Amino acid sequence: MDPVAPPGLVGFGRWAVPLLSEQLRLPRGGARLRALAALADELHRPLRATEALNAGFLQQLKVLLEDEDPLVRAKVCEILHMLAAHASGRHALLAASFLPPLSELLEDPPCRRTVYLLLSRLSLHSSGGASLLTLLPKLMKRLPEEEEEELQVLLLSLLTCCFQVDPQAALRSDAVSLLAPKLSDGALRVRKAAAAAMMALSVPMAGKLQVCEVLPAVAALLQEDDEDAQLNASGVIMFTAVTTAGKLRCLHLDVLPVLLKLVCERHDEEQIRRRRKPLVIYALRALTMLAETPEGRRLLQEQLPLLRRRSEEEEDQDIQQVLQTAVQVVTFSP
Amino acid sequence: MRTRDERTSGAVGPKRARRKFRPRTPEPVQGRKHLEVQTESFLEELSDIPVVQEIECQTDSFLDRPETPIFIPSKTGKDAETQIDEGDLFDFEEEVRPILEILVGKTLEQSLLEVMEKEELAALMAQQRAFLERRNNQLPEVHRLQEQERRRREERERRMAEQKRALEEEKEVAEKMAARALTQQQLHDLVPSVFASLRREGYFYDPVERDVETNFFPRLVDDVQRVLQKKCRARELLDVLSFTPACRRVHRSGKILPQAQ
């Protein structure tokens, strides 16, 4: 699909990268593009990336990011994406402050997808999340404008990362109302990603109160068959139901039976059980929250034998603990 | 024939000079003519026009002719032959092994490295996810307990506030009751004494009486006074009228009046 053919003259061995970086300095556009394509091919080899970083041509790439030719920009983004696959690459990218020019490129259609992938790789770095926070306003501004499903999912996962680092900043810039339409979007993947972002947002107290507003959409997501969707939705409910308003809303929306069903499903295969473990824990915690209301307690006391039986059958320690806490809360009397 | 004066060529210099002064046959005597005669053994016809012979030649179009046979030099020397059988030069299997090892090794190494890179990324993401899950497992419990604590504390404070308010209200009520008893006691005697003093001061009156007093009596008194005044005036007048003549009479008569009895 590349209209550009890499040049035949790529140096052998140690000379490949330096020669190519020399070619990058050429003012003519065509040669530059070919050199970039060759560089991209070279970097697929594992050890070249460290070489490339040592050769120190990151500054050149930074200049090329602002080139007029969109193909050049797209290629440079790909190269940066490959560099970011290594920990040292990520470190170098963050240290060389690539984030400002990358944030300019968010507006650029051909490079956008690669920039999102690059940013998600950067977030794997230990200080990546903190650096992504500087991009948070731009990312949030892009959220309503993004049309493609895949890009929306990528953007939402990036936002989830940012929210996990500092939810307060996001809440101050009114993130909940921005995310609310995405929760009722058509595609399941978008809704899942939006629910994950909501879960990150509902950790602080102010967030919990704001997320109460969108609980109906979340409850609808809980009914889906997809496990990830159920996981994220039950996570949101678990966090929001800590507040009294949240509890009442959830009871009103009748999520209790759904959560019970999630908890009490039995699977024989070890792998499925392991995969479902976080889902079961979230659902149990949500039930514990809801059991603190009188109505919830009453409903759950009817189901108490079921919970007890489940607790005896369960082998996993964590789930057992959570079950016991739930049973305690249900049987609490003042 | 060229005359001596004409230049035979454009040459100048010694050659020309030499040519000019070259000895020539003297001029013919008058009546005689010189003739050039060849004195060689073979006579030549001298003429200005060279003998020209024209010969024409024309090639025919090429006829097909067979190719020249390849020149095969005749054999010289001795015949010798040789043949390489399998295994004479080298053993393929043996020789290829190191090359193959290198090739395969390098490919495997590179692919392993690439796979490891991908796995490293995947492991990082899995680690992040596991951390998140652990955090999300414990965090809501913490929140719930915090919330519970907050609710209980609020409840406790509310109850304490209520209790305090109830106590205060009771105190207020007690004070009010005491104050009421006191005032009742004081006011109990107050009303009769007030009434008595009022009555004493004359604030309670019979309106008819007052009306009579205020309206009727003054007029009556005025009238009475007027009548009395009239009477008095009449008497005075009478006195004056009767006194002055009596005085005059007394004065005229000059008698001393007996003492009035």
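The values are calculated or read from the model by the stated rules, or taken from the named source; none is laboratory data. Everything quoted here is computed from the prediction, not taken from an experiment. Ideal geometry is used to build each Cβ from the backbone, glycine not excepted, and the neighbour counts take in all protein chains shown.
Tabulated data for the structure shown
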quantity: Test: residue in the range B:104-121 that is among the aliphatic types (A, V, I, L, M), outside any helix (DSSP H, G or I) and either more than 10 Å from chain A (Cβ to nearest Cβ) or within 30 Å of A:GLN164 (Cβ to Cβ) (or both); calculated: no
quantity: Members of the range A:68-101 that are free of Cβ contacts under 8 Å to residues at least 24 places away in the same chain and either touching a Leu at 6+ places or on another chain (Cβ under 9 Å) or not hydroxyl-bearing (Ser, Thr, Tyr) (or both); calculated: A:GLU68, A:ALA95, A:PRO100
quantity: Unmet criterion (only one of (1) at pLDDT below 75; (2) over 17 Å from A:LEU122 (Cβ atoms); (3) buried (at least 17 other Cβ atoms within 10 Å of the Cβ)) for A:LEU53; calculated: (2)
quantity: Only one of A:VAL327, A:VAL263 that is surrounded by 14 or more Cβ atoms within 10 Å (Cβ to Cβ), outside any loop (DSSP other than H, G, I, E, B) and free of Cβ contacts under 8 Å to residues at least 24 places away in the same chain; calculated: A:VAL327
quantity: Residue that is farthest from the other protein chains (Cβ to nearest Cβ), among those in the range A:110-124 that are more than 14 Å from the chain's Cα centre (by Cα) and not in a helix (DSSP H, G or I); calculated: A:PRO110
quantity: Criterion violated by A:SER126 - all others in (1) in contact (Cβ under 8 Å) with a residue 24 or more places away in the chain; (2) over 17 Å from A:LEU105 (Cα atoms); (3) surrounded by fewer than 17 Cβ atoms within 10 Å (Cβ to Cβ); (4) among the polar types (S, T, N, Q) satisfied; calculated: (1)
quantity: So A:MET199, is it within 14 Å of chain B (Cβ to nearest Cβ), assigned to a helix (DSSP H, G or I) and either touching a Pro at 6+ places or on another chain (Cβ under 7 Å) or free of Cβ contacts under 8 Å to residues at least 60 places away in the same chain (or both); calculated: yes
quantity: Residues located in the range A:266-278, provided they are part of a helix (DSSP H, G or I) and either touching a strand residue (DSSP E or B) at 6+ places or on another chain (Cβ under 7 Å) or more than 10 Å from every other protein chain (Cβ to nearest Cβ) (or both); calculated: A:GLU270, A:GLN271, A:ILE272, A:ARG273, A:ARG274, A:ARG275, A:ARG276
quantity: All positions within the range A:285-299 that are part of a helix (DSSP H, G or I) and within 10 Å of chain B (Cβ to nearest Cβ); calculated: A:ARG285, A:ALA286, A:THR288, A:MET289
quantity: Qualifying residue in the range B:85-92 (condition: away from every other protein chain (no Cβ under 14 Å) and part of a helix (DSSP H, G or I)); calculated: yes
quantity: Top-ranked residue in the range B:85-122 [being of a type in the set (Gly, Ala, Ser) and surrounded by 10 or more Cβ atoms within 10 Å (Cβ to Cβ); ranked as modelled with the lowest pLDDT]; calculated: B:SER111
